[in-house]
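As structure tokens, the structure follows; a few thoughts come after it.
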Number of protein chains: 4
Amino acid sequence: MLSNIRMLRIEWGDCDPAGIIYYPRYFAIFDASTTHLMERAIGMVKIDYLKAFDLIGHPVVETRAVFHASTRFGDEITVETSVLSCGRSSVKIGHRLAKGDTLMVEGFETRVFVGRDPLDPTRIKSQPIPQPLLARLRQDAV
Amino acid sequence: MLSNIRMLRIEWGDCDPAGIIYYPRYFAIFDASTTHLMERAIGMVKIDYLKAFDLIGHPVVETRAVFHASTRFGDEITVETSVLSCGRSSVKIGHRLAKGDTLMVEGFETRVFVGRDPLDPTRIKSQPIPQPLLARLRQDAV
Amino acid sequence: MLSNIRMLRIEWGDCDPAGIIYYPRYFAIFDASTTHLMERAIGMVKIDYLKAFDLIGHPVVETRAVFHASTRFGDEITVETSVLSCGRSSVKIGHRLAKGDTLMVEGFETRVFVGRDPLDPTRIKSQPIPQPLLARLRQDAV
Amino acid sequence: MLSNIRMLRIEWGDCDPAGIIYYPRYFAIFDASTTHLMERAIGMVKIDYLKAFDLIGHPVVETRAVFHASTRFGDEITVETSVLSCGRSSVKIGHRLAKGDTLMVEGFETRVFVGRDPLDPTRIKSQPIPQPLLARLRQDAV
């Protein structure tokens, strides 16, 4: 099974006056981690697979996160991202953010795939997950 | 019952290449909205109530959000924030973000109150919600 | 002369572990302030004037800022934005950010206007400032 | 001479509706790059050297940036950071951000070192650069 692990560092600018990470930053970390997972699944960087499949993006329609312990600037963390399940037009993805062996944060998200609305090109419209990506995501689902 | 409603505008810099809001920004909006609610409940701005109650902050330990429709730059939105329930050391808060009459996003969060850990002042430690704030938050719970 | 003044509040999430604003946030404030100035000058919100003039945006090509004093969360500030000079294809804009009567930050920026490159629509290309906007910006230059 | 080079990737969430990086993000990149330079100079991570020298931080008092070309999500970039000059209480730092061999952005910043104001611990106050760090920064100045 394809798995995606990133290592990164919590920076000063990610943190708030409590000296710990400002929690909206976790969602930026999750978002980039999902992009990396998609890129591995499809073998193209995002700017290319959006073009290849005529997509605008794959926005989150629901998300949940549990913060077990707080990270601080300078912390080196790992983020493990995996496909939890995959339907025809939406995918559930999970993130486990750890510092050493300690699980710090768990994140869950449901995403849909969207393209331009043919009736109004200034609007976005959901569409089925492109077949080659769907096949890989289903295969990779845990 | 005390209620807290903010009006704000989604800006260009809040949005991503899809032209819609970059969803981690919603959590920054929720966080500021919670601060405004707390400030109204206690009648002090955050920098003052943190000092008055010897707090470091009130970090989120769990959050969930549902994105019903996407907002775009230039959208004027309202955020209605209310206390859903309040225990001795944690509080549940809900946010309803609307554009006109249309509910766009719902957010839910559980927060704890933390101060410096007396055993290690570089660490944070949860503590009971300060009594005057607890009284107001419970009274305001929907 | 048209002038644009915004009032806003520095929030917890704008600040870093020093308890003062994380300075990249000032540029997000400046960017939104420039948008507001443009919108007043042209009488359209950004999403509409980009469409009307077939623009992708008006990115910054050079910026400078001087931080005289630091702002903290809870600070209510005003941002005064004005056109400093305006050429055929670029405009210089200045921002003065104050807390009460005290000037806290000065920002300066040069922007160009860009549309899609006709030779490669995935690329952006600078273009003259649209005539109606140019007329207003020049008239408004201090 | 000590030099500091970081490699990083521009992510979807760093970009705006024009599909290019939202320029305030560059200052977050510069800020983290300066931290990495300081950490190398002093041989301690920031959370430790702040404590060791009783500092609150080293905020920027002036900055300038020139954006020669725009980066897009997926771009792999390098950031080269160096000390330009170093006084007793302030340091000038330069950043060169490149994509391959192409210089995309240049950033310049002047920083001061601050600790708690002994007369008002809720306030910050500038102080001389700690001696061990000063020696290394001067030695490293280009």
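The values are calculated or read from the model by the stated rules, or taken from the named source; none is laboratory data. Quantities reported herein were computed from a predicted structural model and do not represent experimental measurements. So basically every Cβ, Gly included, is an ideal-geometry build from the backbone, and we count neighbours across all protein chains shown. Just the protein is used for accessible areas: all its heavy atoms, side chains included, with ligands, DNA and RNA removed. Shrake-Rupley method; radii C 1.70, N 1.55, O 1.52, S 1.80 Å.
Just checking the output field for B:57-68: average partner chain Cβ neighbours within 10 Å of each residue's Cβ?
6
Using only helices, what value at 222 nm comes out for chain D when you add -39,500 (n - 2.57) per DSSP H run of length 4 or more and divide by the total residues, to the nearest 500 deg cm²/dmol?
-8000 deg cm²/dmol
Take the Cβ-Cβ distance between A:ARG6 and A:THR102 as r, set R0 to 25 Å, and report the resulting FRET efficiency rounded to the nearest 0.05.
Step by step, r from the Cβ atoms, then E = 0.90.
Please give the net charge around D:MET38, taking every other residue with its beta carbon less than 10 angstrom from that of D:MET38, where Lys and Arg add +1 and Asp and Glu add -1.
Overall, the nearby charge balance is +3.
Classify the protein assembly as shown from the C-alpha gyration tensor, please: rounded if a/c falls under 1.5, else prolate or oblate depending on whether a/b exceeds b/c.
It comes out rounded by the Cα gyration axes.
Would you tally the net charge around D:GLU76, using a Cβ to Cβ cut-off of less than 9 Å, leaving D:GLU76 out, and scoring K and R as +1, D and E as -1?
Result for the local shell: +1.
Would you tell me the mean number of C-beta atoms belonging to other protein chains that fall within 10 Å of each C-beta in A:28-36, as a whole number?
4
Which number do you get for Rg(Cα) / (2.2 N^0.38 Å) in chain D?
So chain D has a normalised radius of gyration of 1.11.
Relative contact order (percent) for the range C:1-130, with alpha-carbon contacts under 8 angstrom and 6 or more residues of separation?
Averaging sequence separation for qualifying contacts and normalising by length gives 27 percent for the range C:1-130.
Around C:PRO59, with a cut-off of 11 angstrom between Cβ atoms, what is the net charge of the other residues, counting Lys and Arg +1 and Asp and Glu -1?
-3
Report, in degrees rounded to the nearest 10, the 0 to 90 angle that the Cα long axis of helix C:131-140 makes with the longest principal axis of chain C.
Long axis of C:131-140 versus the principal axis of chain C: about 40 degrees.
Under 28 Å from the Cα of A:LYS92, which lysines turn up, not counting those fewer than eight places away in the same chain?
Candidates past the 8-residue exclusion: A:LYS46, A:LYS51, A:LYS125, B:LYS92, B:LYS99.
Just tell me how shielded D:120-129 is by partners: mean number of partner chain Cβ atoms within 10 Å of each residue's Cβ, no decimals.
Mean partner-chain Cβ count within 10 Å for D:120-129: 1.
For the full complex of protein chains and a 1.4 angstrom probe, list C:LYS46, C:LYS92 by accessible area with the highest value first.
The ordering from most to least exposed comes out as C:LYS92, C:LYS46.
Out of every Cα pair in the range B:33-105, what percent are spaced more than 21 Å from each other?
Here the tail beyond 21 Å accounts for 39 percent of pairs.
Please list the radius of gyration and Dmax for the range B:98-142, considering alpha-carbon atoms only, with Å as the unit.
In Å, with Rg to one decimal and Dmax whole: 16.5, 50.
Just the Cα atoms of the range D:68-142: what Rg and Dmax do they give in Å?
16.6, 50
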